[in-house]
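A.B. asks: Shown below is the structure under consideration.
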Amino acid sequence: YPRVRETLHKIRPYVPGRPATDVMREFGLSDVVKLASNENPFGSSSRAREAVFEAAQEMHRYPDGATQSLRAAIARHLTLQPDQVLVSNGSDEMIKMVSETFLQPGDEVVAPFPSFAQYGFGANVMGATMVNVPLTPSFFYDVDTLLARITERTKIVYLCSPNNPTGTWLTHKQAESYMARVPDHVLTVFDEAYVEYVDAEDPLDTLPWIREGKAVLSLRTFSKMYGLAGLRLGYALGNPGILSFIEKVREPFNANALAQCAAEAALSDTAFVEMVRRKTKEGRRQIEAGVKALGYHTVPSQGNFTLVYTGNGRETFERLQRLGVIVRAGFPGLDAYIRVSIGTFEENERFLQALKTLS
Ligand code: PMP
């Protein structure tokens with residue numbers, strides 16, 4: 001076959017959390033708990049499922065390529081205008097589209113480390129250079145260090161909060177200090193995939209900057225709090241001028257019809273969101289306390305997951321897997337940790353029991 005693009009040699013395909021069925025087969029287990037992909041263990045809104053059923057009756061038709069109804073609903077929900085919202089096939093696709101819109105060889109992308117792998121993927125696909133800026137030893141942001149790494153070549157700075165996979169976050173004060181000093185030639189992409197879970201003091205609020213039309217995007221998703229990971233629906237909030245350029249690389253029907261209807265219905269189900277928020281917080285406390293009782297420690301988290309220090313993440317991962325509990329390990333820079341998604345009360349207990357067996 002013909003030679004592939006030079007830049008692709010640097011790229012390793014993304015490795016997702018293992019499906020539970022794989023693990024059941026390999027280890028002959030009848031029941032496996034998957035706490036590996038930061039999914040919503042409480043399912044999805046029944047309104048969303050009803051909307052999918054209804055939309056399926058019309059699935060021989062193309063979806064609304066302009067996602068008008070959903071963009072209007074998101075805009076109403078966040079007190080924005082519909083032209084400040086752009087919809088994607090999961091926020092993964094938005095990261096790729098943003099990369100395609102802004103990056104070319106020679107450009108630099110600044111991101112915290114450790115953080116979400118897709119920023120590097122987007123940069124590498126476009127032949128741009130990734131500049132990883134370490135978080136502090138306790139995995140929080142150091143805004144001065146980040147700003148110091150911005151050069152004339154920097155096109156994009158990613159700020160992920162709560163940050164995956166650490167769970168740590170940016171305070172609003174830190175973000176304000178960053179915004180006051182970031183040079184005009186930089187696009188700042190706040191990845192807020194877990195924003196709905198945040199209950200920190202001084203929470204990051206990017207919406208005023210979106211309303212002012214700053215060079216800022218906020219990426220959000222229906223995969224986490226809204227429980228629609230399998231349908232793939234993400235969106236960006238931003239300056240309509242910036243979004244109109246991302247439009248140019250967008251596929252005409254990137255958001256499918258079922259996902260659009262489900263997302264709009266899910267947005268209206270505030271009771272479901274409240275339930276998930278409360279139970280996730282309780283589950284996080286349950287895991288933090290349980291882990292502590294076993295002599296391990298967790299990293300403070302505002303997401304639906306937490307890092308657990310075990311000394312050797314891969315080994316812990318392997319041993320838990322044999323016991324039917326799938327977590328995640330092997331994040332660059334986090335060899336000593338596993339990342340555990342918060343599950344239901346029973347799933348969390350099962351994880352803690354398995355961890356106890358190991359110690
Ligand atoms: N950003 C962050 C920080 C994430 O953790 C994830 C999901 N793992 C995504 C983006 C992508 O989410 P999705 O494509 O499902 O919307």
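The values are calculated or read from the model by the stated rules, or taken from the named source; none is laboratory data. All of these numbers come straight from a predicted model, not from anything done at the bench. Positions of Cβ are backbone-derived with ideal geometry, glycine not excepted, and every protein chain shown enters the neighbour counts.
A.B. asks: Go over the candidates E274, E251, E201, E176 one by one and state the one that is in a helix (DSSP H, G or I) and either among the basic types (K, R) or over 25 Å from V110 (Cβ atoms) (or both).
C.D. replies: E274
A.B. asks: What pairs come up if the first residue lies in segment 1-26 and is closer than 26 Å to L323 by Cβ, the second is of a type in the set (S, T, Y) and in a loop (DSSP other than H, G, I, E, B), and their beta carbons are under 9 Å apart, counting only those six or more places apart or on different chains?
C.D. replies: If the second residue must be of a type in the set (S, T, Y) and in a loop (DSSP other than H, G, I, E, B), the pairs left are P16/S37; G17/S37; M24/S30.
A.B. asks: Which numbered condition trips up V98, out of (1) in contact with a helix residue (DSSP H, G or I) (Cβ under 8 Å, 6 or more places away or on another chain); (2) surrounded by fewer than 17 Cβ atoms within 10 Å (Cβ to Cβ)?
C.D. replies: Only one criterion in (1) in contact with a helix residue (DSSP H, G or I) (Cβ under 8 Å, 6 or more places away or on another chain); (2) surrounded by fewer than 17 Cβ atoms within 10 Å (Cβ to Cβ) is unmet by V98, namely (2).
A.B. asks: Looking at segment 227-243 only, could you name the residues that are buried (at least 23 other Cβ atoms within 10 Å of the Cβ), part of a loop (DSSP other than H, G, I, E, B) and within 10 Å of the ligand (Cβ to nearest atom)?
C.D. replies: L228, L233, listed by residue number.
A.B. asks: If E315 satisfies all but one of (1) surrounded by fewer than 18 Cβ atoms within 10 Å (Cβ to Cβ); (2) more than 21 Å from D22 (Cβ to Cβ), what's the number of the condition it fails?
C.D. replies: (2)
A.B. asks: Still on this model: Looking at E264, E349, which one is under 21 Å from the mean Cα position of the chain (by Cα) and not hydrophobic (A, V, I, L, M, F, W, C)?
C.D. replies: Exactly one of E264, E349 is under 21 Å from the mean Cα position of the chain (by Cα) and not hydrophobic (A, V, I, L, M, F, W, C), namely E264.
A.B. asks: Would you confirm whether any residue within segment 126-149 is closer than 22 Å to N89 by Cα, in contact with an Asp or Glu (Cβ under 8 Å, 6 or more places away or on another chain) and in contact (Cβ under 8 Å) with a residue 12 or more places away in the chain? Spell out how you get there, then give the answer.
C.D. replies: Looking only at segment 126-149, we keep the residues that are closer than 22 Å to N89 by Cα, and these are 126.
If we keep only those that are in contact with an Asp or Glu (Cβ under 8 Å, 6 or more places away or on another chain) as well, we get 126.
The next check asks that each one be in contact (Cβ under 8 Å) with a residue 12 or more places away in the chain; those that pass are 126.
Looking for residues that are closer than 22 Å to N89 by Cα, in contact with an Asp or Glu (Cβ under 8 Å, 6 or more places away or on another chain) and in contact (Cβ under 8 Å) with a residue 12 or more places away in the chain, one finds at least one in segment 126-149, hence yes.
A.B. asks: Looking only at segment 295-314, decide whether some residue is in a helix (DSSP H, G or I) and out of contact with any helix residue (DSSP H, G or I) (no Cβ under 8 Å at 6 or more places or on another chain).
C.D. replies: Step one: of segment 295-314, the residues in a helix (DSSP H, G or I) are 313-314.
Still in the list and also out of contact with any helix residue (DSSP H, G or I) (no Cβ under 8 Å at 6 or more places or on another chain): 313-314.
Yes, segment 295-314 has at least one match.
A.B. asks: Return yes or no: is D22 outside the structural domain of Q118 (by TED's automatic domain parsing) and loosely packed, with under 11 Cβ neighbours inside 10 Å? Let's see the steps before the verdict.
C.D. replies: Values: outside the structural domain of Q118 (by TED's automatic domain parsing): yes; loosely packed, with under 11 Cβ neighbours inside 10 Å: no.
So D22 fails the test.
A.B. asks: For segment 200-214, which positions are within 17 Å of the chain's Cα centre (by Cα) and in contact (Cβ under 8 Å) with a residue 40 or more places away in the chain?
C.D. replies: Residue satisfying the conditions is L204 alone.
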